[in-house]
Amino acid sequence: MNYFYVGIFKYPIQSLVYSYDGEIENGSRVFIDIRGRRHLGYVIEKAEKPEFDVKSILEVVDKTSYIDQKMMLLIKESAFKYMVPVGEVMDLCFPPFKFKGKSIKAEGAGKYVSLKVSLSELLKFKFTVEETKIVEFLLENGVGEYAYISRNFSKNAVKSLLDKGVLTLTNVSGQQIVNLTPVQRDVVMSILSNPSKPHLIHGITGSGKTEIYFDVADNVVKSGKKVLILVPEIILTPQLMVRTRKRFPNARVGMYHSALGSSRKIEWDEAVSGNLDILLGTRSAVWVPMKNIGLIVVDEEQDESYKQYAMRPYYNAVDVAKRRAEIEGSIFVLSSATPRIETYYRCMMGSYELHKVEERTVGEIPEITVVKTSGGIFSNLLISRIDQTIKKGNQVFLFVPKKGFASRVQCEDCGYIFKCPNCDVPMTYHKIDGTLKCHYCGHVEPLPVTCPICGSSKVRKGGIGTERVEHEIARLFPGARVKRMDREEIKDIESVESTLDGISKREYDIVVGTKMITKGLDFPSIGLVGVIDADHSLGMPDFRSNERTFQLLSQVSGRAGRGVRGEVVIQTMDPANPTIKAVEKQDYESFYLSEIERRRASGYPPFKELILITSENASQKEALENIERFKSLIANGPFEVLGPAESPIFKLMSKYRYQLLLKCDDIIAAVDYLSKVIRAETIGFDPANLKIDVGPYSF
Ligand code: ADP
Ligand code: ZN
Ligand code: ZN
């Protein structure tokens, strides 16, 4: 009889021991009995025969494990670092479990099919079940190989869809291989000649970064190895998918992200059985256990969707990707127009290699104008620019902040945003008791009557809401065709596509949108981008607020001038703010230099690593007691403890939330200490009420 540690989702950090009369490879999926119920688990490793009686493994799912030793190492390290059971990380490595999925061997590259009709037209058709599956697949993937689709769905259904004119055969061969510029070629060469060092390609949007990593990928594929490309946003993947397939007409390209339906398992199967050369995916794709990876690319490495924050484990896919590349011995390439301060710092310290690409290959760099406002919605300058742009027949993007939960306090005269004296992060205003609060250390002060910088008494609370902007736009430009684009208006992938379609067909003159409009959307006729309230993101209660503002404003600005001569107008109460200045000059370096010093002085990443511990409870008293109790337990830990403070969203889904912020010199030592405390504290301690986020992105 053999004994195995079996990890399962959401169970204690220690794995359970089960017996089995036979060998099982590490990483294999098995079924076990837990309190009379069948559960999927993962064999972590062999165990000694325990003192107590153990149950037997019910069934072995994977005769040969998909998880090799390298992957297992990554999984174990991640489980340790993010303080979750190994089984919980294992879960990420497999698609949602469905049995009897036949293993599909796809055919070589060939003809492709894509949808020919628009979404609204699609609704007019009546489809069979098989046809619907194909249409859904193509809505998700943009394009699919003819042979692949006929094989995985139904050949007859493909034929009938082609006959009905719903599908079209697409020729994606060889059309989109560009000749690299000398600058691009140099970058490719230096990446290939230094494969063991992480690389950052830094250049504005449109400077040819994608073509650079495509070329590196091409070299890697030709050497017989696989490529993993991580991209941030789901709405972008169909576009990028088509582009990638056109760039690699002879390679097999797959796509993987958690929002995929039935095709997710198929793509996973293809990837792990070595049938794909290139896997393109969002954050969850970093866990696909494909072998022989020669290159991992993270596009838009600054994007926050790489951090899983809504559910455990709260991992950061960029960090996981980097570690995976190290373990696998693959080339690791990050790409960004506005890298994270942490990443750029590593370049400056020499542990990453920095490649700058300055030229913009399409369009011209837009002209940026910063206007001082004292809190109104539209400056005269912005109004006249909107008017001119529409009259020229070009489109306007107006960027408005998302309705915020946190409201800043700001001086109308000099633009100063009130910050915590201890933590150097913006404080938020609390209407109920008229106070300003710091969500890091818990500091509270009464609402000041004068500005500490210029002495003005014009102290303003709060910002500008989306509705007011829309309302005002309609009043000022009654004839304009306006489209709102935010999460409330645009809920699903279909409405995204149809809106984007409408924008490219110039059905709208003015698009009013939140962050959503900033992500890589590429429309040639955007003549003007207006930023209504640039201070909104500067005032968020977060040490990254400057970085987010720089990234956001740079991205928003990048939307202008792709085809026509572009212009950007940024409204702020503080035009002298170093972040705003850096945006105005489009100078990442100067932003980096001011921000890195601030981070050093106040002890934030990359100089200290953070761990955020949140206590949640329906009873406010208990939430506070729990966090205070935990704080006393970790008093001797290798970190500085800030708080407890109210979380910026103090009450969420009828639970009160308090938080502690740990500043650590050594994250591994800190995590090790916390794990030991939690393990020792079994009586009267409910870890379910505590959320531990290592390397938090949102507070
Ligand atoms: P980025 O990734 O920096 O935004 P891309 O690589 O997407 O930039 O390049 C922007 C556009 O310019 C794309 O349409 C791309 O095909 C094109 N492009 C990039 N490099 C070249 C080149 N050397 N020759 C011709 N077109 C290029
Ligand atoms: Zn002031
Ligand atoms: Zn503070």
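The values are calculated or read from the model by the stated rules, or taken from the named source; none is laboratory data. Values in this document were obtained by computation on a predicted structure and should not be read as measured data. Cβ atoms come from the backbone with ideal geometry, glycine included; neighbour counts cover every protein chain shown. With ligands, DNA and RNA removed, areas are computed over all heavy atoms of the protein, side chains included. Shrake-Rupley method; radii C 1.70, N 1.55, O 1.52, S 1.80 Å.
Annotations for the structure displayed:
- Whether a residue is farther than 29 Å from Phe153 by Cβ, in contact with a strand residue (DSSP E or B) (Cβ under 9 Å, 6 or more places away or on another chain) and of a type outside the set (S, T, N, Q) was assessed, and Ala251 does not pass this test.
- Residue match in the stretch 397-409 (condition: more than 23 Å from Arg468 (Cβ to Cβ), within 16 Å of ligand 2 (Cβ to nearest atom) and outside the structural domain of Glu640 (by TED's automatic domain parsing)): no
- Of all residues in the stretch 131-149, those satisfying the criterion of being closer than 24 Å to Arg247 by Cβ and in a helix (DSSP H, G or I) are Phe137, Leu138, Leu139, Glu140, Asn141, Tyr146, Ala147, Tyr148, Ile149.
- Filtered residue count, the stretch 329-359, keeping only those that are among the β-branched types (Val, Ile, Thr) and outside any strand (DSSP E or B): 4
- Residues located in the stretch 17-56, provided they are without any contact (Cβ under 8 Å) to a residue 40 or more places away in the chain, under 38 Å from the mean Cα position of the chain (by Cα), surrounded by 10 or more Cβ atoms within 10 Å (Cβ to Cβ) and in a strand (DSSP E or B): Val17, Tyr18, Val30, Phe31, Ile32, Asp33, Ile34, Arg38, His39, Val43
- In the stretch 61-120, residue modelled with the lowest pLDDT [restricted to those that are among the hydrophobic types (A, V, I, L, M, F, W, C) and loosely packed, with under 13 Cβ neighbours inside 10 Å]: Phe99
- Close pairs from the stretch 572-599: first farther than 15 Å from Glu547 by Cβ, partner in a helix (DSSP H, G or I), Cβ under 7 Å, at least 6 apart: Thr572/Asp535; Thr572/Ile580; Met573/Asp535; Asp574/Asp535; Asp574/Ile580
- Test set (1) open to solvent by 20 Å² or more (accessible area, probe 1.4 Å); (2) away from ligand 3 (no atom under 16 Å from the Cβ); (3) modelled with pLDDT of 80 or more; (4) not in a loop (DSSP other than H, G, I, E, B) - Ile473 fails condition number: (1)
- If you go through the stretch 411-430 and keep only what is touching a residue at least 24 places away in the same chain (Cβ under 8 Å) and either farther than 18 Å from Arg544 by Cα or surrounded by fewer than 13 Cβ atoms within 10 Å (Cβ to Cβ) (or both), you end up with Cys411, Glu412, Asp413, Cys414, Gly415, Tyr429.
- Tally, over the stretch 620-658, of residues that are surrounded by 14 or more Cβ atoms within 10 Å (Cβ to Cβ) and in a loop (DSSP other than H, G, I, E, B): 3
- Subset of the stretch 385-410 (residues that are open to solvent by less than 50 Å² (accessible area, probe 1.4 Å) and either within 16 Å of ligand 1 (Cβ to nearest atom) or out of contact with any strand residue (DSSP E or B) (no Cβ under 7 Å at 6 or more places or on another chain) (or both)): Gly393, Pro401, Gly404
- Condition met for Ser330 (within 21 Å of Phe214 (Cβ to Cβ) and among the hydroxyl-bearing types (Ser, Thr, Tyr)): yes
- Filtered residue count, the stretch 417-440, keeping only those that are assigned to a loop (DSSP other than H, G, I, E, B), at pLDDT 90 or above and out of contact with any Asp or Glu (no Cβ under 7 Å at 6 or more places or on another chain): 9
- Top-ranked residue of the stretch 448-461 - restricted to ones that are open to solvent by 50 Å² or more (accessible area, probe 1.4 Å), away from ligand 3 (no atom under 16 Å from the Cβ) and in contact (Cβ under 8 Å) with a residue 12 or more places away in the chain, ranked as nearest to Asn422 (Cα to Cα): Ile453
- Yes/no for Val449 being away from ligand 2 (no atom under 16 Å from the Cβ), out of contact with any Cys (no Cβ under 9 Å at 6 or more places or on another chain) and either part of a strand (DSSP E or B) or among the aliphatic types (A, V, I, L, M) (or both): no
- Ala325 being more than 16 Å from the chain's Cα centre (by Cα), of a type in the set (A, V, I, L, M, F, W, C), modelled with pLDDT of 95 or more and more than 16 Å from ligand 2 (Cβ to nearest atom): yes
- Being away from ligand 3 (no atom under 16 Å from the Cβ) and assigned to a loop (DSSP other than H, G, I, E, B) is true of Met290.
- Qualifying residue in the stretch 341-349 (condition: farther than 23 Å from Asn219 by Cβ, over 18 Å from the mean Cα position of the chain (by Cα), surrounded by fewer than 17 Cβ atoms within 10 Å (Cβ to Cβ) and not assigned by TED's automatic domain parsing to the domain that holds Val84): yes
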